[in-house]
Amino acid sequence: MFFMYKLAGSLAVPPGLFILLLLFSAFAASRRPRGKSLSALLAVLAALFYLMSAPAGSALITGTLEGMTENVLPPDKAEAALLVPAGGSSYDGEGSSIAPSPLTLERLYAAVRLAASRGGETVMIMSGGNVFGDRDRSEARTLAQAAREMGWRGAIIIEERSRTTAENMRYAAELVRRLGIKRLIVVTNAYHLPRATMIAKEALPDVDLYPYAPWRITDPLIRGYQSFLPDGGSFALSCAGLREYAGIAAHKLASLCRRVFPRT
């Protein structure tokens, strides 16, 4: 009975409802003359939609990214700065950015815990600008305020020109070189870590980099039938992963173009 309750709830609302509608449309198309091609296309779309919407599917798509990069930290006594790239904000009823977005809060919480455990003169670099130009402050300042509210009392440096991960690393690199930092811990979400690390290595080839993401956003375990019921949260996680794959491909293509067609 509980299984039927969960199944009905999963299929009564999107994305499960959309999957059913696609399957129904595929069946209807198959009944029409010369409708086999359209029916096959709709069935494939339903299958892809289902894969992206099931927890097991998001673990396959985005979870694969989360397992690509191993966490590495410098020795306990070695001085190192922490870089936290912004990833969006949450808003109040007036549209003011009052806190980092949930995924950015995960990055920040991990960074504050790590910095507190290392002690000493640890410096945290908050990177993120006023991305679309329509907010009352930069994402970096929102991060800095949240870090203080979490109890961090150490040094914070704000970089608030960047709008993308590539700019996070480029502008942070200027600060790192200016301050003479030799070790940098890049703290972000696990699914974002492969791309962030790849870009950071290009921007800071002369600095020892340490990628760090303590938690995953996808569940690596199959927990029975519930891992195969579609839900909106899993679809969003799959979309986040696909954006990262696209970002990695775009960055590699841009790097290849720069090598083939160097600026003169």
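The values are calculated or read from the model by the stated rules, or taken from the named source; none is laboratory data. Keep in mind that this is a model prediction, so the values were computed, not measured. Note: ideal-geometry Cβ built from the backbone for every residue, glycine included; neighbour counts use all protein chains shown. Calculation scope for accessible area: heavy atoms of the full protein, side chains included, ligands and nucleic acids excluded. Shrake-Rupley method; radii C 1.70, N 1.55, O 1.52, S 1.80 Å.
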Would you point out which residue out of Leu73, Leu22, Leu65 is in a helix (DSSP H, G or I) and either open to solvent by 20 Å² or more (accessible area, probe 1.4 Å) or charged (D, E, K, R) (or both)?
Leu22
Of everything in segment 145-169 that's closer than 19 Å to Ser89 by Cβ and in a strand (DSSP E or B), which residue is least open to solvent (accessible area, probe 1.4 Å)?
Glu159
Within segment 25-38, which residues are of a type in the set (A, V, I, L, M, F, W, C) and open to solvent by 50 Å² or more (accessible area, probe 1.4 Å)?
Phe27, Leu38
Return the total of residues in segment 227-247 being surrounded by fewer than 23 Cβ atoms within 10 Å (Cβ to Cβ) and either of a type in the set (A, V, I, L, M) or not in a helix (DSSP H, G or I) (or both).
6
Can you find even one residue in segment 170-187 that is open to solvent by 30 Å² or more (accessible area, probe 1.4 Å), in contact (Cβ under 8 Å) with a residue 40 or more places away in the chain and in a helix (DSSP H, G or I)?
yes
Here are the criteria: (1) in a helix (DSSP H, G or I); (2) over 26 Å from Leu204 (Cα atoms); (3) open to solvent by less than 50 Å² (accessible area, probe 1.4 Å); (4) in contact (Cβ under 8 Å) with a residue 12 or more places away in the chain. Tell me which single one Tyr50 does not satisfy.
(3)
Of everything in segment 131-144, what is open to solvent by 70 Å² or more (accessible area, probe 1.4 Å) and either at pLDDT 95 or above or not acidic (Asp, Glu) (or both)? Give them in sequence order.
Phe132, Arg141
Inside segment 188-208, can you point out the residues that are surrounded by fewer than 20 Cβ atoms within 10 Å (Cβ to Cβ) and not aliphatic (A, V, I, L, M)?
Lys201, Glu202, Pro205, Asp206, Asp208
Restricting segment 76-102 to residues that are hydrophobic (A, V, I, L, M, F, W, C) and in a strand (DSSP E or B), which is nearest to the chain's Cα centre (by Cα)?
Val84
Quick check: is even one residue across segment 1-8 surrounded by 17 or more Cβ atoms within 10 Å (Cβ to Cβ), in contact with a helix residue (DSSP H, G or I) (Cβ under 8 Å, 6 or more places away or on another chain) and in a helix (DSSP H, G or I)?
no
If I ask for residues that are open to solvent by 10 Å² or more (accessible area, probe 1.4 Å) and either in a strand (DSSP E or B) or without any contact (Cβ under 8 Å) to a residue 40 or more places away in the chain (or both), which ones from segment 114-130 would you list?
Ala116, Ser117, Gly119, Val123, Asn130
Counted residues, segment 209-226 - those being open to solvent by less than 30 Å² (accessible area, probe 1.4 Å) and among the polar types (S, T, N, Q)
1
